[in-house]
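Everything below concerns the one structure shown next.
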Amino acid sequence: MIQLDQSRIVAGILARYLDEHGEALAEDFGDWDEVVVVPSTKNPYPSALVRALAKDYSSLIDPVDWLTLGTGAMRFNQASESGFVPAADIGGTSALLIDDTFTTGARMHSAAHALQSAGVQVIAGLVVARKINPDPKYFTDELWDRQSAIPFAFTDRPWWAT
């Protein structure tokens, strides 16, 4: 239950962000036909995020079930061409790809590859949260300090739209 509760918070952040900046996103990157949430590699579909979106924000975000786990191994910082596979004939459409948490990008890249290989135009990849371990041994302490010093407000225009 904790996972679904946390996912409801993530879903709320995502819904608010798209409500406030979805038009700017479409203007700068293009319109999308569907929203695809990067599948979980540990939990079956629908993921906790997809369930939370369906429960609370289906009028704004109604993700499609276009990807399933493939046979390729996705590892820390290593995407796989066969990590995800299309679940249906989806060519000729466009999609906004969403990942709840970005650690190294392996899952996002694997999902984008699967969609593009199936003929989907991936308009953009949108990440709700970025996981950073602010430790000098990972060379991320300076990134953490720099990024955490930047104020955030939903009402501010996104960096890519300024």
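The values are calculated or read from the model by the stated rules, or taken from the named source; none is laboratory data. The shown structure was predicted, so the numbers you read here are calculated from the model rather than taken from an experiment. A quick note on method: Cβ atoms are made from the backbone with ideal geometry, for glycine too, and the neighbour counts reach across all protein chains shown.
Structure notes:
- Any chance ASP33 is of a type outside the set (A, V, I, L, M), closer than 25 Å to ASP156 by Cα, exposed (fewer than 15 other Cβ atoms within 10 Å of the Cβ) and at pLDDT 90 or above: no
- If the condition is being in contact with a helix residue (DSSP H, G or I) (Cβ under 9 Å, 6 or more places away or on another chain) and of a type in the set (D, E, K, R), then region 55-93 contributes LYS55, ASP56, ASP62, ASP65, ARG75, GLU81.
- Restricting region 118-161 to residues that are in contact with a strand residue (DSSP E or B) (Cβ under 7 Å, 6 or more places away or on another chain) and not in a strand (DSSP E or B) leaves a set whose member that is surrounded by the fewest Cβ atoms within 10 Å (Cβ to Cβ) is LYS131.
- Residues that are assigned to a loop (DSSP other than H, G, I, E, B) and more than 13 Å from the chain's Cα centre (by Cα) do not occur anywhere in region 97-117.
- With respect to the conditions (1) of a type in the set (Ser, Thr, Tyr); (2) in contact with a strand residue (DSSP E or B) (Cβ under 8 Å, 6 or more places away or on another chain); (3) assigned to a loop (DSSP other than H, G, I, E, B), SER82 lacks only one, and its number is (2).
- Taken together, the residues in region 55-67 that are outside any loop (DSSP other than H, G, I, E, B) and either within 26 Å of HIS109 (Cβ to Cβ) or touching a Phe, Trp or Tyr at 6+ places or on another chain (Cβ under 6 Å) (or both) amount to 1.
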